[in-house]
Amino acid sequence: MLQTEQTLFEQMRITELEIESRKALFSFTGADVKALQSFKPIIEENIDKIVDDFYGLQTSVSEIALLIGDSDTLARLRTAQRRYVLDLFNGVYDLEYVNNRLRIGLVHKRIGVEPKLYLSAVHTLKELIYAVINCSVQDTHQGECIRVAIDKLVLFDVTLVFDTYIRSLVSEIENAKDKAEKYAQSMESKVKERTQQLEELSQTDPLTGLLNVRHLQETATRILRAAQRRAEPVSVIYLDVDDFKSFNDTQGHRSGDEVLRAVAKAIKEITRAEDHCFRYGGDEFCIIMPNCREEQARDNFITRFNQQIKLSLNNISLSFGIIDTGPYEYEEANSLIHKADQRMYSYKRASKQQQTMAAANDLVSENSTAEVHPITQSRSIDKAVE
């Protein structure tokens with residue numbers, strides 16, 4: 001149930017049994033009720049003077065005058081105070097009476113009346129009522145009984161008002177605590193998100209979006225240890241762009257960056273989710289492939305990679321070095337990467353040798369075609385002379 005659908009005493013779980021218990025704490029008995037009821041006619045005759053004198057004294061206090069603020073508010077307060085004083089002598093102090101007292105406390109708290117100002121107002125009201133008792137009741141014993149009953153009932157009312165004060169303060173503290181916790185959680189989430197972003201940035205090469213070399217050793221070691229536990233092979237592919245320096249010098253660094261980004265894009269599209277792809281530095285790349293043999297890496301990755309790279313880079317070639325380890329014996333991470341690097345350079349040298357030999361063969365072929373037999377040449381010359 002919503003809070004706005006409950007009365008104050010329902011919200012604060014005040015029952016008739018609780019009311020009787022509170023009355024007993026102040027020894028508020030039926031005799032006190034009769035004493036108050038007996039004085040009700042005199043209070044009704046003097047109610048306007050009591051309320052006028054009360055607010056005359058209250059508005060003379062600058063703090064209270066500032067809280068009241070204007071004549072309309074003062075008029076409403078005078079009506080409420082008149083009703084409250086009459087209720088004190090009505091003789092009925094049930095749940096409705098308690099709810100009204102609680103509401104008074106809630107209103108005072110909402111408009112910012114400090115406890116000291118409220119208690120001061122209660123003291124002023126009691127003194128005004130005592131003055132009427134002293135002037136109107138000739139019987140000293142009866143007057144004392146009425147004053148004692150007033151003291152008990154006002155204390156009963158003050159406890160209810162302060163219960164509302166305390167409950168409101170606790171609610172404010174709890175709300176502030178909830179807001180602080182939510183803010184802290186929000187900040188924690190933002191810090192966590194930002195930390196994660198910074199970690200990703202620290203691990204990522206800004207140009208290609210691949211992992212950077214700083215985490216290669218750590219990642220490779222972790223993958224190898226996991227592979228050892230599961231008795232699985234691990235393959236490492238090392239590759240670089242052929243003649244990249246020459247390309248950069250002739251085409252410019254911007255074109256070179258585009259080539260590196262295209263290579264990285266092809267690597268991302270071909271590799272599996274469990275593979276780890278690094279830009280080793282410059283135009284060199286390293287891929288660690290868990291649970292993968294060298295043959296699988298060559299047949300699956302290299303073939304598909306070459307097909308993919310040709311879609312964007314027709315005039316670029318790459319050299320590869322592939323090595324695997326496990327599942328029985330495992331190389332150390334540094335050794336494995338170094339061997340893959342060596343294989344890549346061996347591949348590059350072999351490719352250049354093949355290109356050199358092919359170029360030499362082409363040159364020989366061209367020269368052979370250009371040579372003409374001397375007799376044929378002589379006949380041609382003679383024919384030309386004729």
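The values are calculated or read from the model by the stated rules, or taken from the named source; none is laboratory data. Only a predicted model underlies this, so the values are computations on that prediction, with no experimental measurement involved. All Cβ positions, even for glycine, are placed from backbone atoms using ideal geometry, and neighbour counts span all protein chains on display. The protein model used for the area step is the full one, side chains on, heavy atoms only, and it has no ligands, DNA or RNA in it. Shrake-Rupley method; radii C 1.70, N 1.55, O 1.52, S 1.80 Å.
Counting residues in the range 189-207 that are touching a residue at least 24 places away in the same chain (Cβ under 8 Å), part of a helix (DSSP H, G or I), open to solvent by less than 70 Å² (accessible area, probe 1.4 Å) and not aliphatic (A, V, I, L, M) gives zero. Restricting attention to the range 13-22, the residues being of a type in the set (D, E, K, R) and either open to solvent by less than 70 Å² (accessible area, probe 1.4 Å) or assigned to a loop (DSSP other than H, G, I, E, B) (or both) number 3.
Conditions (1) more than 21 Å from residue 243 (Cα to Cα); (2) in contact with a Ser or Thr (Cβ under 8 Å, 6 or more places away or on another chain); (3) open to solvent by 30 Å² or more (accessible area, probe 1.4 Å); (4) modelled with pLDDT under 90, marked per residue:
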site: 298; (1), (2), (3), (4): yes, no, yes, yes
site: 304; (1), (2), (3), (4): yes, no, yes, yes
site: 307; (1), (2), (3), (4): no, no, yes, yes
site: 347; (1), (2), (3), (4): no, yes, yes, yes
site: 369; (1), (2), (3), (4): yes, no, yes, yes
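Listed by first and then second residue, the pairs with beta-carbon distance under 6 Å, at least 6 apart or on different chains, first residue in the range 60-72 and without any contact (Cβ under 8 Å) to a residue 40 or more places away in the chain, second open to solvent by less than 90 Å² (accessible area, probe 1.4 Å) and not β-branched (Val, Ile, Thr), are 68/74.
Applying the selection to the range 140-171, what residues are open to solvent by 80 Å² or more (accessible area, probe 1.4 Å) and either among the acidic types (Asp, Glu) or not in a helix (DSSP H, G or I) (or both)? Scanning the range 140-171 gives a single hit, 144. Of the listed requirements (1) modelled with pLDDT of 90 or more; (2) in contact with a Phe, Trp or Tyr (Cβ under 8 Å, 6 or more places away or on another chain); (3) open to solvent by 40 Å² or more (accessible area, probe 1.4 Å), residue 274 misses just one: (2). Can you name the residue in the range 248-263 that is among the β-branched types (Val, Ile, Thr) and closer than 18 Å to residue 278 by Cα and is also surrounded by the most Cβ atoms within 10 Å (Cβ to Cβ) among such residues? The residue in question is 263. In the range 23-45, the residues that are surrounded by fewer than 16 Cβ atoms within 10 Å (Cβ to Cβ) reach residues that are part of a helix (DSSP H, G or I) with C-beta atoms within less than 7 angstrom, at least six apart or across chains, in these pairs: 26/152; 26/155; 26/156; 27/152; 44/86.
Being part of a helix (DSSP H, G or I) and either over 23 Å from the mean Cα position of the chain (by Cα) or under 30 Å from residue 291 (Cβ atoms) (or both) is the requirement here; does residue 228 meet it? Criteria met by residue 228.
In this structure, does residue 87 turn out to be crowded, with 17+ Cβ neighbours inside 10 Å and either assigned to a helix (DSSP H, G or I) or of a type outside the set (Lys, Arg) (or both)? Judged against the criteria, residue 87 is a match.
When 121, 176 are screened for being under 26 Å from residue 56 (Cα atoms) and either of a type outside the set (Val, Ile, Thr) or open to solvent by less than 80 Å² (accessible area, probe 1.4 Å) (or both), only 121 passes. Taking the conditions (1) crowded, with 19+ Cβ neighbours inside 10 Å; (2) more than 46 Å from the chain's Cα centre (by Cα); (3) not small (Gly, Ala, Ser) in turn, residue 315 satisfies each one other than (1). Checking 168, 136 one by one, the residue that is within 24 Å of residue 73 (Cβ to Cβ), small (Gly, Ala, Ser), in contact with a helix residue (DSSP H, G or I) (Cβ under 9 Å, 6 or more places away or on another chain) and in contact (Cβ under 8 Å) with a residue 40 or more places away in the chain is 168 and no other.
Close contacts from the range 88-103, counting a first residue that is closer than 23 Å to residue 128 by Cα and a second that is among the small types (Gly, Ala, Ser), with Cβ to Cβ under 9 Å and a gap of 6+ residues or different chains, come to 89/38.
Taken over the range 216-231, the criterion of being in contact with a helix residue (DSSP H, G or I) (Cβ under 8 Å, 6 or more places away or on another chain) and buried (at least 16 other Cβ atoms within 10 Å of the Cβ) is satisfied by 216, 220, 224.
Out of all the residues in the range 239-247, is one or more open to solvent by 100 Å² or more (accessible area, probe 1.4 Å), at pLDDT 90 or above and either among the charged types (D, E, K, R) or in a helix (DSSP H, G or I) (or both)? No - not one qualifying residue is present in the range 239-247.
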